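*Asks:* I am attaching a structure below and will ask some questions about it afterwards.
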């Protein structure tokens, strides 16, 4: 049973504490490793709710039901596609051939149980599968926020399908599947690049190909802010993401069978928290200084920015370094959001600054606190993943654009996607759309 | 100390992995078993928030505060009644006599600690109690959604009291308390029938005796849809339920003291997730095909349908089978919701299709993947539980109807229960009720 | 490595089960202790979302975005200040000198790992740090609800900074840092006094110095109720707090390395739940009896009241006693809320009754079920903490008042803080403020 990031990490000679002989007996370690995947994986699953609420709060009320639908659909599709294709595609270098791990056959469970019961494997195969699966959905969730309010539902879901079944797993295999980036020593602990920048690149190509929402950018370079309809929901979404991130980063220790694993997971939890805190504080201070007002959505994105920034290396920094890494992330938000507007790239929820730019920053920052990582290798990883996802996403977006179309009709966009796509309203009794354009 | 599903399961000869001698030392196993009950139980507790948000999102704004109150009251009452009566009623066949486990006496804690410290028991008695208690509330939560918007508050709470103190525990004792269904080999891993169909039957009898909301059904067979006021909240509720279900099904392994337990729990987590994903996708595709629009509330109920469907047997299917079991659940939603409207059974949130019909489907589907289960026994379980709950619920509903009354006055229903029952509004500043009838 | 409540508790001779030689091997115990801190700590972190939603639901829509911002800022600032100063201030009696545990130095991680790997310590230092840190934010969150809708943003955040960096840690050191209250045998298991009454006292002094919202109290002693804008959010917040409280109290066992720890944690989970249930039920019954209507916000605050009440001693009561302790808490809410209005103390969310009064009640109730605690010592603890926090908070509030000012301008208060402080609206499309004053 060799089928996950753990093996890839060990093969790459990374500082990883689970491999050595257990003082803890093998079965206890097996249970703890498995339970860690399940508990942390459940927290990551809940991030789907976080994205849903963040995006539902930041779009206008006329597009809210559609974004809710997309988010639950993304999570469902991501799991199914990862089952049908993605998991094997991602780990085939490790497992030898496609189809070895999760074949659609009747004796799956028996095989699984048997394989799992080999304590040398260290954890239940299903628990590993569950944990990897919840990561796929995260990458896809990032896209929906950026392209919201003007993309047609089914083309978006088709893009999600390809992203989760093919694009994410292929680049994921390069590092976590034991591929060439892993062999080079590319360090991306929980996926600043592998998860967040992938979602970010796909979002960026989507935003460019799709174009901005009607009315967002004036002819003379003016920018018309389009406020989100429900900021408490966006706040809730951010807190849920923050909570889920403990599982995202903490679970990426990939083991809990030794004191070293436990120490590593504890450091990861603490650093993850402090980076997010740093992101909030720097975004607040900078918006106060620059705009003379604190901006709630900047503060929320500051938290996410801090979280993405620490994700590539949450195990090695001190708490103080983690705060600083997060603060830089928060600053990226404050400067990048207006920059995107200047470039007329319409990113509804600010996912490109938070997930793409901070993903790159976080990946490049790893060597600052981790002697095993090098700037050159980190750059190769960032660029390689970026080049692949840009090309692959662009092909898919363009293929969709020139076949079934991706952009909602002008009238549908004006009326709102909820009416056009779903035939209903998210808030039928109190949404009036007075401030919408 | 013999007082829970674990004993009943072992007695029934079910494929259960905790009983054999531990390679893991007894105390470690004891800790892990206990901690599993607590962590998974906390997730189940959070389902109360999921039901509250789902129902708050799917009722009209004029009834929203009342449904919020009902949901927190249900959870509180369920716990207290399970303490006063339910737990002992449910497990008296196992424990020998009523009152043995949780007597209201001063030396409870000492007794508990002592009993618990007997490692042979395998887990802390309080942790088992906590885990069983959170299940009771779930059954009661199902009812509130169906009968919302026209039932009086206190009669509903009295029904909840009887349901959680008497009806649920009695039928629960048949299987999880070591009773006749257990002896027959009835297989209902986490309660598709024992929890969900029980709530569903009680909801169905309530809906029939209470009648539909004013204006829902026209004289000529027309159906007037009454949209929910806040779909993002309903979406959030669904995600919370999905999260909580990992605890609901995963914790129902009832142990974490061996590698076999861990493997079982991991399989359960993964299958639970995939059934929900299948339910979402099938509900989306079917509504698109049939109605040419995707329906958000159908997709949300599709997730719940998948979750209920897998609950009777989340340990034995392959991932692929779990997806298919969930997809059938999603299809049940799409076809049953209009069917209920044809029968003029007014189910505000769609709980009868999701919890009752999918509960039956899930229970009957167990033998498809579990050789130890038989269709005949499953049918006897479904029918036996159904007959009992229908009769018992009907008696309670009718007794309430002919004494204090259950239906709100016509004016109160028109004005909204929030004003009538609570004297306030859920959204005083922006709820206008323009679309309400 | 001697740096937390655990040591203080052991030193004080409290009934604590982790210290004795493990039957569980030392490394397994180390992992379990650490994992308990992380899982329970993550639940406590999520309480920040609970406070945010509770407060966002109970203020008017024109102040909703500001309260959201405050809540995420509080959590971020609390963590950073606890890192910079608070943790060392709180545990310096234990650790010997300030700066020993979390110095801002490059070899922190190495030192931590090494220290942590000493199994005698029993748990990873980072996990303990994480768990203590999330408690600080809770104390600060309590204040924001009381002083909402009329306090200026930055002065409030400065108060938060001082509270989390200095005031909370100093009084915390008296008990959990091994100080004089610990030596006297003051029993406050998870912080009814140390966390909740501290927040409550700071809130009370703030409310008194700040004054009531315009329009809340008429000249002739009349009270004008100001309803919250979004009660489902307040309900959600309460459920999230309830969930988080399992971590708050359960994690405060501070260990999971023996069967005794597991039993203690299970008792704590069950009692915590039942006290909250008792609070809900008593608040509902009392409001029905007194006002002839059930009040949703009273029921929600009843849950919180029950939770605060049990927090000082959730390990010793029976389930029945826990229900009664919570019921008294619920009653305190029902009687104290109108009392505060009579005194013209404007507490927007009811935090003073819930956290301060029930915190005192819970602390004084410990000797009822715990023979090791004495009423005199409990009273000294309550009074000592109260005196210190009243004086310290008053100094800080007054210093802020007479320098930069704490009260928003009258026009800003009328227009809402969201416009004044953030320049935006929380619900731009449907908030009309028709009912606001």
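Just so it is clear, none of the values below were taken in a lab; they were calculated from the coordinates. These numbers were taken from a predicted model, which means no experiment stands behind them. Please note: Cβ atoms are built from the backbone with ideal geometry, for glycine as well, and neighbour counts cover all protein chains shown.
*Asks:* Evaluate peptide B:47-58: per residue, the Cβ atoms of other protein chains within 10 Å of its Cβ; return the mean as an integer. Each step should come with its number before you reach the end.
*Replies:* Working: counts 1, 3, 9, 3, 1, 5, 5, 0, 1, 5, 4, 0.
Mean shielding count: 3.
*Asks:* So, one more: If you rotate chain A onto chain B, whose Cβ in A ends up lying nearest the axis, and how many Å away is it?
*Replies:* Closest Cβ to the A-to-B rotation axis, residue and whole-Å distance: A:430, 2.
*Asks:* A follow-up question, please. Helix-only mean residue ellipticity at 222 nm, the protein assembly as shown, DSSP H runs n ≥ 4 weighted -39,500 (n - 2.57), per residue, nearest 500. What is it?
*Replies:* On the way: 51 runs with 818 residues, N = 1311.
Helix-only estimate at 222 nm: -20500 deg cm²/dmol.
*Asks:* Additional query: Rank the residues B:72, B:395 as a footprinting-exposure proxy: fewest other Cβ atoms within 10 Å of their Cβ go first. Mind showing how you got there, number by number?
*Replies:* Details: B:72 25, B:395 13.
Fewest-to-most Cβ neighbours within 10 Å comes out as B:395, B:72.
*Asks:* Now for a separate question. Find how many whole Å separate the alpha carbon centroid of region B:346-422 from the alpha carbon centroid of region C:319-385.
*Replies:* Region C:319-385 and region B:346-422 have Cα centres spaced 40 Å from each other.
*Asks:* Arrange the following residues from fewest to most other Cβ atoms within 10 Å of their Cβ: A:311, B:369.
*Replies:* Numbers: A:311 30, B:369 20.
Ascending number of Cβ neighbours within 10 Å: B:369, A:311.
*Asks:* Give me the distance between the Cα centres of region B:255-274 and region A:33-63, rounded to whole Å.
*Replies:* 22 Å
*Asks:* State log₁₀ I(q)/I(0) for chain C at q = 0.08, 0.09, 0.11, 0.14 Å⁻¹ as given by the Debye formula over alpha-carbon point scatterers of equal weight, solvent excluded.
*Replies:* Summing over Cα pairs of chain C leads to -0.42, -0.53, -0.79, -1.25.
*Asks:* So how long is each side of the protein assembly as shown along the principal axes, counting just the alpha-carbon atoms, biggest first, in Å?
*Replies:* Principal extents (largest minus smallest coordinate, Cα): 75, 71, 65 Å.
*Asks:* In addition: Along Cα→Cβ at 7 Å, what distances in nm separate the residue C:412 label point from those on the other copies, shortest first?
*Replies:* Values, ascending and in nm: 4.5, 4.6.
*Asks:* Copy-to-copy spacing for residue C:291, label 7 Å out on the Cα-to-C-beta vector, in nm, shortest first?
*Replies:* Values, ascending and in nm: 3.8, 3.8.
*Asks:* For region B:186-314, what's the relative contact order in percent, using C-alpha pairs closer than 8 Å and at least 6 residues apart? It would help to have the intermediate numbers written out before the result.
*Replies:* On the way: 124 pairs, mean separation 44.5, N = 129.
About 34 percent, as a whole number.
*Asks:* I'd like the distance between the alpha-carbon centres of region C:295-314 and region C:131-165, rounded to an integer number of Å.
*Replies:* 20 Å
*Asks:* Still on this structure: Across every pair of different alpha-carbon atoms, what Kirkwood hydrodynamic radius in Å does region B:215-256 reach? Spell out each step's value before the answer.
*Replies:* On the way: mean 1/r = 0.0741 Å⁻¹.
Averaging 1/r across every pair of different Cα atoms and inverting gives 13.5 Å.
*Asks:* Let me know the mean shielding of A:417-424 by other chains, meaning the per-residue number of their Cβ atoms within 10 Å of its Cβ. Walk me through the numbers on the way to the answer.
*Replies:* Working: counts 0, 2, 1, 1, 3, 8, 6, 8.
The per-residue average across the peptide is 4.
*Asks:* State, as an integer percentage, the relative contact order of chain C based on alpha-carbon contacts under 8 Å between residues 6 or more apart. Can you show the working numbers first?
*Replies:* Details: 836 pairs, mean separation 111.9, N = 437.
Relative contact order here is 26 percent.
*Asks:* Which of C:177, C:218, C:384 moves most in a GNM of chain C, Cα contacts under 10 Å?
*Replies:* Looking only at C:177, C:218, C:384, the largest GNM fluctuation is found for C:218.
*Asks:* I've got another one for you. Within 10 Å of each Cβ in peptide B:153-166, how many partner chain Cβ atoms are there on average? Round it to a whole number, please.
*Replies:* Counting Cβ atoms of other protein chains within 10 Å of each residue's Cβ and averaging gives 1.
*Asks:* Over region A:303-383, what is the mean sequence separation of C-alpha contacts under 8 Å (at least six apart), divided by residue count, expressed as relative contact order in percent?
*Replies:* The normalised contact order for region A:303-383 reaches 40 percent.
*Asks:* For chain A, modelled as a Gaussian network with Cα springs under 10 Å, which listed residue fluctuates most, A:212, A:322, A:277?
*Replies:* Fluctuation is largest for A:212.
*Asks:* Choose one answer from C:128, C:346, C:25: the residue with the largest mean-square fluctuation in a GNM of chain C with alpha-carbon springs under 10 Å.
*Replies:* Greatest mean-square fluctuation among the candidates belongs to C:25.
*Asks:* Please arrange A:429, B:413 by counting, for each residue, the other beta carbons lying within 10 Å of its beta carbon, fewest first.
*Replies:* Working: A:429 22, B:413 19.
Listing A:429, B:413 from fewest to most nearby Cβ atoms yields B:413, A:429.
*Asks:* Tell me the distances, shortest first, between residue C:342 and the same position across the other copies, using label points 7 Å along Cα→Cβ, in nm to one decimal.
*Replies:* When each copy's label point is compared with this one, the spacings are 6.3, 6.3 nm.
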